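Some notes on the structure that comes next.
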Amino acid sequence: MARAGEKVDYVFKVVLIGDSAVGKSQILARFARNEFSLDSKATIGVEFQTRTLVIDHRSVKAQIWDTAGQERAVTSAYYRGALGALLVYDITRRQSFDHIPRWLDELRAHADKNIVIMLVGNKSDLEEQRAVSTEDAKEFAEKENLFFLETSALQATNVESAFQTVLTEIFKIHS
Ligand code: GDP
Ligand code: MG
């Protein structure tokens, strides 16, 4: 992680999208602050959080935007300038996966044409309540040319990998 006052070589905007309650804010809390809360409330007024990491000896500031509970009112300003996206569903809620094509259409309509997209099946710790198979999601991701990972913000599984993959890929395209 870069120290305060150190120079930042790149700033990459990444957006979190997906239905309410799939775990977007907790994924961000885990990545930005290594925190998790089981009774999370939407953080009103906070548009994004940042974390600076080193990729290929360069200092990269990830600026991660969260919908802050406004999933129904995501505007084009939210997508503007985004170079990456985490498209999140909840593996225990089939409906949140069935809505992914709609989120993907909206994302592709508004964002950079080279946007790097990671499909994220969150809450992998709730295996006994699983409603979306890993295979179905993997197949969809391959068809749509998306990266794919299952995560648990609760157990801190794959959250780091999901962001690392997206940021490294953005770096390859834009550096
Ligand atoms: P958002 O509306 O997409 O931002 O969802 P939140 O981050 O607010 O999370 C919704 C609920 O799911 C909260 O009660 C979280 O504590 C819970 N949650 C988020 N991520 C996980 C996870 O990985 N595992 C489990 N078991 N619960 C999670
Ligand atoms: Mg939220």
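A short reminder: the numbers here are calculations on the coordinates, not readings from a lab. These numbers come from a predicted model, not from an experiment. Backbone-built Cβ (ideal geometry, glycine too); neighbour counts: all protein chains shown.
Would you mind stating whether V132 is out of contact with any Pro (no Cβ under 6 Å at 6 or more places or on another chain) and either without any contact (Cβ under 8 Å) to a residue 60 or more places away in the chain or within 13 Å of ligand 1 (Cβ to nearest atom) (or both)?
Values: out of contact with any Pro (no Cβ under 6 Å at 6 or more places or on another chain): yes; either without any contact (Cβ under 8 Å) to a residue 60 or more places away in the chain or within 13 Å of ligand 1 (Cβ to nearest atom) (or both): yes.
Against the criterion (out of contact with any Pro (no Cβ under 6 Å at 6 or more places or on another chain) and either without any contact (Cβ under 8 Å) to a residue 60 or more places away in the chain or within 13 Å of ligand 1 (Cβ to nearest atom) (or both)), V132 qualifies.
For residues that are over 14 Å from the mean Cα position of the chain (by Cα) and either within 14 Å of K24 (Cα to Cα) or not in a helix (DSSP H, G or I) (or both), tally how many sit in region 98-118.
Here is the first cut: in region 98-118, the residues over 14 Å from the mean Cα position of the chain (by Cα) are 98-99, 101-102, 105-106, 108-114.
Cutting the leftovers down to either within 14 Å of K24 (Cα to Cα) or not in a helix (DSSP H, G or I) (or both) gives us 99, 111-114.
Adding up the residues that qualify gives 5.
Just to be sure I understand the filter: pairs with C-beta atoms under 7 Å, separated by 6 or more residues or on different chains, first member in region 15-30 and on the phi > 0 side of the Ramachandran plot, second member in a helix (DSSP H, G or I). Which pairs pass?
What qualifies is G18/K24; G18/S96; G18/W103.
Identify all residues within region 135-160 that are within 16 Å of ligand 2 (Cβ to nearest atom) and in a loop (DSSP other than H, G, I, E, B); write none if there are none. Talk me through it step by step, then tell me what you get.
Residues of region 135-160 within 16 Å of ligand 2 (Cβ to nearest atom): 151, 153-154, 159.
Passing the criteria: T151, A153, L154.
Quick test of your reading of the structure: S124 fulfils all but one of (1) touching an Asp or Glu at 6+ places or on another chain (Cβ under 6 Å); (2) touching a residue at least 60 places away in the same chain (Cβ under 8 Å). Name the failing condition by number.
(2)
To keep it simple, each residue is scored yes or no on (1) within 16 Å of ligand 2 (Cβ to nearest atom); (2) under 12 Å from I170 (Cβ atoms).
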position: R51; (1), (2): no, no
position: T67; (1), (2): yes, no
position: Q70; (1), (2): yes, no
position: A73; (1), (2): yes, no
position: A85; (1), (2): yes, yes
position: V88; (1), (2): yes, no
position: A109; (1), (2): no, no
position: I115; (1), (2): no, yes
